[in-house]
Structure formats: structure tokens, C-alpha cells
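Step one of this worksheet: look at the structure below.
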Amino acid sequence: MPGPAVRCVQRVSATRAFAKVAPHVVPALDRAVHRLTGGRVLLSALMLPGVILTSTGARSGLPRRTPLACMPAADGRGWVLVGSNFGRTGHPAWTHNLLAHPDASVSSKGRDVPVTARLLTGAERAAVWRELLVFWPPYAAYQARVEREIRLFRLEPR
């Protein structure tokens, strides 16, 4: 059972107001703190594990660095990324990048790890989605606000 601080953050992060403000504030703060700490700290990871994803732009071909919350894979090898976009209408750009170029890297706890991303579908996606809702319940509110199916990716070390 999460403590009162975590429950408070979960309630706030499930709101529409948070969805409007967070995409503009959280990534910028995460990038700054990550840079200042030499890749050892992500501010948002104080509540939810996180990584910095470096993917290749789907159209530009340029490297794109995106701070993201994640769920560590149950086997300890890799991560699950959730394309929730804070419950906003469109898929986040990083999901398009991974679909076009699945080879990427993540910065986690001060180390860079080359990974391959795989979009989860069908029964595998459904099972991981159930795990995610236990891990971070606000994902249910995000999904309820949008008609699209939120994309889930499993990232495994290469």
C-alpha cells in the first residue's frame, strides 16, 4: 500500500489540470536535474521510476532525448514504457520514433543501456496493462480520457 505522499501524487496526476501543465513542466525539470547530476537523478523518479530515452526521430533521423516514467520489467531485464501522454489525445512523439526505429538507448541511474523496443499487443499487452494499473493507478484515468489505446513498449537490453 503506498504512503500518503504517493497517494496524493497519484490523485493529482490523474487530473485534467495536471495533464495540461505536466507535459510542459515535468520533462524540462527532469532534463535539467538529469544533466546537473550526471545522469544519476530524475526528479520525477522520486515517485515513479524513470529513464531518459534516446530514440531516433521517425522523420528527422535525429537523436531525441525524452524523460519518461517506466515500470521495470518483472524479470529485472528491461523496462516497460507507457505512451500515456498524460491522458492527452494524441500518441506521444517518442512512440512514433520507436515504431520507426526500435533500436534506442536509455539512461538509467547514471548508465546508458542500448535497448530494442517492442510494441506490446494482444494478450501480452493486456497482462502488462493489468500490472501497470497496480503499479501506477492513474494510468486508468489517462486511458479513460482518450479513445486511442495507450501504447506500451517493452525495452530489452541489446
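A few comments on the model shown:
- Contacts under 8 angstrom Cβ, first residue in the stretch 47-70 being within 15 Å of Asp112 (Cβ to Cβ) and free of Cβ contacts under 8 Å to residues at least 12 places away in the same chain, partner surrounded by fewer than 22 Cβ atoms within 10 Å (Cβ to Cβ) and of a type outside the set (Asp, Glu), 6 or more apart: Pro63/Thr54; Pro63/Thr56; Pro63/Gly57
- For the stretch 93-129, the set of residues classified as modelled with pLDDT of 95 or more, touching a Ser or Thr at 6+ places or on another chain (Cβ under 9 Å) and over 19 Å from Ser55 (Cβ atoms) is empty.
Per-residue answers, yes or no, for (1) under 14 Å from the mean Cα position of the chain (by Cα); (2) open to solvent by less than 20 Å² (accessible area, probe 1.4 Å); (3) not small (Gly, Ala, Ser):
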site	(1), (2), (3)
Arg65	yes, no, yes
Gly76	no, no, no
Val106	yes, yes, yes
Ala117	yes, yes, no
Gly122	no, no, no
Pro138	yes, yes, yes
Arg145	no, no, yes
Arg158	no, no, yes
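- Among the residues of the stretch 29-41, those identified as open to solvent by 50 Å² or more (accessible area, probe 1.4 Å), of a type in the set (A, V, I, L, M) and modelled with pLDDT under 75 are Leu29, Val41.
- Search result, residues across the stretch 42-63 that are surrounded by fewer than 16 Cβ atoms within 10 Å (Cβ to Cβ) and at pLDDT below 85: Leu46
- With respect to the conditions (1) closer than 19 Å to Ser60 by Cα; (2) touching a residue at least 40 places away in the same chain (Cβ under 8 Å); (3) surrounded by 14 or more Cβ atoms within 10 Å (Cβ to Cβ), Ala93 lacks only one, and its number is (2).
- Applying the set (1) closer than 19 Å to Ala93 by Cα; (2) hydrophobic (A, V, I, L, M, F, W, C); (3) open to solvent by 40 Å² or more (accessible area, probe 1.4 Å); (4) at pLDDT 75 or above to Val26 leaves exactly one unmet item: (4).
- Leu133 being surrounded by fewer than 14 Cβ atoms within 10 Å (Cβ to Cβ), touching a helix residue (DSSP H, G or I) at 6+ places or on another chain (Cβ under 9 Å) and free of Cβ contacts under 8 Å to residues at least 24 places away in the same chain: yes
The values are calculated or read from the model by the stated rules, or taken from the named source; none is laboratory data. Keep in mind that this is a model prediction, so the values were computed, not measured. So basically every Cβ, Gly included, is an ideal-geometry build from the backbone, and we count neighbours across all protein chains shown. Side chains included, ligands, DNA and RNA excluded: accessible areas come from the protein's heavy atoms. Shrake-Rupley method; radii C 1.70, N 1.55, O 1.52, S 1.80 Å.
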